[in-house]
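The values are calculated or read from the model by the stated rules, or taken from the named source; none is laboratory data. As the structure is a prediction and not an experimental result, all values here were calculated from the model. Every residue, glycine as well, gets a Cβ built from its backbone with ideal geometry; the counts of neighbours run over all protein chains shown.
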Amino acid sequence: MQIKIHPLTLKRITNRVVKRLPVAMPTRTHGVWDLFCGKMLPKHVAKNIAPFHRFVDTDERFYRFLLLTIMCPIKEIGYYDCISFGAIPGMAQDTLKEGIVSPLDYHNKSMPIWFQKAIQNTNWHDGLIFRRATADGNLIPFYKHLMQGKTRIVTVGPKHLTRLADVWPHADITHYDTKFPKVFLFTKEGDDHFNYLHQQLREDILSNDYTVYLFQAGAVSQYYIYDLFLTKKNHAYFDIGRSLNIWTPSPSGEPPGGWFFNNRATILNSCGEFLQRHMSSDDYMLLTNGPTEPRHV
């Protein structure tokens, strides 16, 4: 199976934000496809295949939420479905050649034909656009606009993203914490928080003017962005993932994650000077001299 990737640039995205136009970018990376394959294969088969086995017991309702976003795609101006099958820029499977991307072999062999056809009928864009733009410096104009404080920002993700307010002191930032490490299994606690956060975000979009929502919540981001855009379009919704973590480095080596460490030289060469001007000296030292063996890719 091959999938056509439609052109999309960060310049176009940034222009929509500056002009306060509706825009949304849900991103399906390898983890989402692992989840789908883990649920679509017979349970006794999926349990013996890595990495599908960890998604076999994914809550059925959540699985159907995600399936809805594929089977009934939103086809409106400013809504960009993004796709990737690998995790790190530069991986062979994610190299865009003439606007074509192919799935990893283990995905290709595990997806039923009806699902492959649904994927091929969606207008896809590059799912690693934020990571690529971080590596080549093209994300700087986007960050510059957000840092000026002209547009309200909401981050949805781990607690460490609250530190963004210290790095961008002029920005108007609100944070919603994701507290569901086992959301795929939907424990009672995870289920309650999923619904609670969903309601909080709905109230936020309905009670505020144009806002940029930056999601770092894994597969949950896909459903939130899909539903929130249908509820109120006149905002910006981005599944930005770990790209945002270059602003909040950690001694543990977790943020910014393996993708940064594998591309450290390229990223620092393209935007290191810009980052250094806006970060504390301690944080910049962590960014440039932090652990070289990250715990997560």
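When Leu8, Leu41 are screened for being farther than 15 Å from Ala219 by Cα and touching a strand residue (DSSP E or B) at 6+ places or on another chain (Cβ under 7 Å), only Leu8 passes. Restricting Leu230, Leu268, Leu286, Leu275 to residues that are at pLDDT 90 or above and either outside any loop (DSSP other than H, G, I, E, B) or closer than 13 Å to Gly157 by Cα (or both) narrows the list to Leu230. Quick check: anything in the stretch 129-150 crowded, with 16+ Cβ neighbours inside 10 Å, of a type outside the set (D, E, K, R) and closer than 30 Å to Lys47 by Cα? No, the stretch 129-150 contains no residue that is crowded, with 16+ Cβ neighbours inside 10 Å, of a type outside the set (D, E, K, R) and closer than 30 Å to Lys47 by Cα. Just so you know, in the stretch 114-135 the residues that are part of a helix (DSSP H, G or I) and more than 18 Å from the chain's Cα centre (by Cα) include one that is farthest from Leu268 (Cα to Cα), and it is Trp114.
Checked against (1) within 30 Å of Asp191 (Cβ to Cβ); (2) at pLDDT below 90; (3) of a type outside the set (Gly, Ala, Ser), Lys4 passes all but condition (1). From the list Tyr210, Tyr223, Tyr237, the lone residue that is out of contact with any Phe, Trp or Tyr (no Cβ under 8 Å at 6 or more places or on another chain), closer than 18 Å to Tyr80 by Cβ and not polar (S, T, N, Q) is Tyr210. The numbered conditions (1) closer than 30 Å to Leu139 by Cβ; (2) of a type outside the set (Ser, Thr, Tyr); (3) more than 17 Å from the chain's Cα centre (by Cα) are all true for Ile49 except (1). Which condition number does Pro251 fail, the rest of (1) part of a loop (DSSP other than H, G, I, E, B); (2) of a type outside the set (S, T, N, Q); (3) at pLDDT 85 or above being met? It fails just one condition, (3).
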